[in-house]
Amino acid sequence: MQLEARKLLTDVLTCCDAIRQYTTGKTFSDYQRERLLRSSTEREFSIIGEALSRLSSQAPEVAARISSLPQIIAFRNRIIHGYDAVDEVIVWQTVLDDLPLLTTEVKAALAEPEH
(Lines give C-alpha, C1' and ligand atoms only; values in the text may rest on other atoms or scores of the structure.)
Protein backbone atom coordinates (compact mmCIF):
# COMPACT_ATOMS: atom_id res chain seq x y z
CA MET A 1 0.00 0.00 0.00
CA GLN A 2 1.29 3.42 -0.91
CA LEU A 3 2.07 6.00 1.72
CA GLU A 4 -0.80 8.36 0.78
CA ALA A 5 -3.35 5.54 1.02
CA ARG A 6 -1.96 4.60 4.42
CA LYS A 7 -2.24 8.24 5.56
CA LEU A 8 -5.87 8.47 4.45
CA LEU A 9 -6.74 5.22 6.21
CA THR A 10 -4.97 6.43 9.34
CA ASP A 11 -7.08 9.60 9.22
CA VAL A 12 -10.22 7.45 8.97
CA LEU A 13 -9.13 5.32 11.91
CA THR A 14 -8.31 8.40 13.99
CA CYS A 15 -11.79 9.77 13.31
CA CYS A 16 -13.44 6.43 14.14
CA ASP A 17 -11.58 6.38 17.44
CA ALA A 18 -12.59 9.96 18.18
CA ILE A 19 -16.27 9.23 17.53
CA ARG A 20 -16.06 6.19 19.78
CA GLN A 21 -14.49 8.32 22.53
CA TYR A 22 -17.12 11.05 22.16
CA THR A 23 -20.04 8.63 22.27
CA THR A 24 -18.96 6.01 24.79
CA GLY A 25 -21.36 6.10 27.70
CA LYS A 26 -23.70 8.47 25.86
CA THR A 27 -27.30 7.85 24.90
CA PHE A 28 -29.31 9.05 21.94
CA SER A 29 -30.93 11.58 24.28
CA ASP A 30 -27.46 12.89 25.16
CA TYR A 31 -26.70 13.13 21.46
CA GLN A 32 -29.87 15.11 20.80
CA ARG A 33 -29.29 17.44 23.74
CA GLU A 34 -25.55 18.12 23.37
CA ARG A 35 -24.74 20.34 20.41
CA LEU A 36 -21.00 19.86 20.88
CA LEU A 37 -21.41 16.07 20.74
CA ARG A 38 -23.49 16.30 17.55
CA SER A 39 -21.12 18.77 15.93
CA SER A 40 -17.98 16.84 16.76
CA THR A 41 -19.46 13.53 15.63
CA GLU A 42 -20.67 15.00 12.35
CA ARG A 43 -17.28 16.64 11.77
CA GLU A 44 -15.47 13.33 12.22
CA PHE A 45 -17.91 11.62 9.84
CA SER A 46 -17.30 14.33 7.25
CA ILE A 47 -13.55 13.77 7.48
CA ILE A 48 -14.06 10.01 7.16
CA GLY A 49 -16.14 10.49 4.02
CA GLU A 50 -13.67 12.92 2.47
CA ALA A 51 -10.68 10.69 3.22
CA LEU A 52 -12.44 7.68 1.71
CA SER A 53 -13.48 9.70 -1.33
CA ARG A 54 -9.83 10.63 -1.90
CA LEU A 55 -8.78 7.04 -1.28
CA SER A 56 -11.28 5.90 -3.89
CA SER A 57 -9.64 8.20 -6.46
CA GLN A 58 -6.02 7.60 -5.48
CA ALA A 59 -6.02 3.91 -4.55
CA PRO A 60 -9.23 2.25 -5.74
CA GLU A 61 -7.88 -1.22 -5.00
CA VAL A 62 -7.47 -0.25 -1.35
CA ALA A 63 -10.79 1.60 -1.20
CA ALA A 64 -12.55 -1.52 -2.52
CA ARG A 65 -11.81 -3.17 0.85
CA ILE A 66 -14.25 -0.82 2.57
CA SER A 67 -17.61 -2.56 2.22
CA SER A 68 -19.83 0.52 2.56
CA LEU A 69 -17.64 2.97 0.68
CA PRO A 70 -20.36 4.55 -1.53
CA GLN A 71 -22.74 4.91 1.40
CA ILE A 72 -20.03 6.51 3.57
CA ILE A 73 -19.18 9.04 0.89
CA ALA A 74 -22.89 9.81 0.35
CA PHE A 75 -23.30 10.21 4.13
CA ARG A 76 -20.45 12.74 4.15
CA ASN A 77 -22.08 14.64 1.31
CA ARG A 78 -25.38 14.76 3.17
CA ILE A 79 -23.70 16.10 6.31
CA ILE A 80 -21.76 18.75 4.39
CA HIS A 81 -24.29 19.86 1.79
CA GLY A 82 -27.54 19.05 3.56
CA TYR A 83 -26.54 20.16 7.04
CA ASP A 84 -30.06 21.37 7.73
CA ALA A 85 -31.57 17.99 6.89
CA VAL A 86 -29.21 15.67 8.78
CA ASP A 87 -31.26 13.03 10.57
CA GLU A 88 -29.96 12.60 14.12
CA VAL A 89 -31.38 9.08 14.30
CA ILE A 90 -29.39 8.02 11.25
CA VAL A 91 -26.18 9.55 12.59
CA TRP A 92 -26.63 7.83 15.94
CA GLN A 93 -27.48 4.47 14.32
CA THR A 94 -24.39 4.84 12.13
CA VAL A 95 -22.29 5.28 15.25
CA LEU A 96 -23.77 2.16 16.81
CA ASP A 97 -24.17 -0.11 13.80
CA ASP A 98 -21.63 0.87 11.15
CA LEU A 99 -18.64 2.39 12.90
CA PRO A 100 -17.37 -0.90 14.38
CA LEU A 101 -17.23 -2.61 10.97
CA LEU A 102 -15.53 0.38 9.36
CA THR A 103 -12.94 0.39 12.15
CA THR A 104 -12.30 -3.34 11.64
CA GLU A 105 -11.95 -2.99 7.86
CA VAL A 106 -9.58 -0.02 8.14
CA LYS A 107 -7.41 -1.78 10.72
CA ALA A 108 -7.21 -4.85 8.45
CA ALA A 109 -6.14 -2.71 5.50
CA LEU A 110 -3.53 -0.89 7.60
CA ALA A 111 -2.12 -4.22 8.81
CA GLU A 112 -0.94 -5.02 5.30
CA PRO A 113 2.73 -4.37 4.57
CA GLU A 114 3.84 -1.14 2.91
CA HIS A 115 5.11 -1.11 -0.69
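Tabulated data
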| item | result |
| --- | --- |
| Residue that is surrounded by the most Cβ atoms within 10 Å (Cβ to Cβ), among those in segment 4-29 that are of a type in the set (Lys, Arg) and free of Cβ contacts under 8 Å to residues at least 40 places away in the same chain | Lys26 |
| Residue list for segment 90-104, filter: over 11 Å from the mean Cα position of the chain (by Cα) and over 16 Å from Ile73 (Cβ atoms) | Trp92, Gln93, Leu96, Asp97, Thr104 |
| Test: residue in segment 30-49 that is surrounded by fewer than 20 Cβ atoms within 10 Å (Cβ to Cβ), of a type in the set (Gly, Ala, Ser), over 11 Å from the mean Cα position of the chain (by Cα) and not in a helix (DSSP H, G or I) | no |
| When residues of segment 1-29 are limited to those that are of a type in the set (A, V, I, L, M) and either modelled with pLDDT of 95 or more or assigned to a helix (DSSP H, G or I) (or both), the one nearest to Val86 (Cα to Cα) | Ile19 |
| Qualifying position, being within 24 Å of Gln2 (Cα to Cα), out of contact with any Gly (no Cβ under 6 Å at 6 or more places or on another chain) and surrounded by fewer than 17 Cβ atoms within 10 Å (Cβ to Cβ), among Ser53, Ser57 | Ser57 |
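The values are calculated or read from the model by the stated rules, or taken from the named source; none is laboratory data. Worth saying up front: this structure is predicted, and the values here are computed from it rather than measured. Cβ atoms come from the backbone with ideal geometry, glycine included; neighbour counts cover every protein chain shown.
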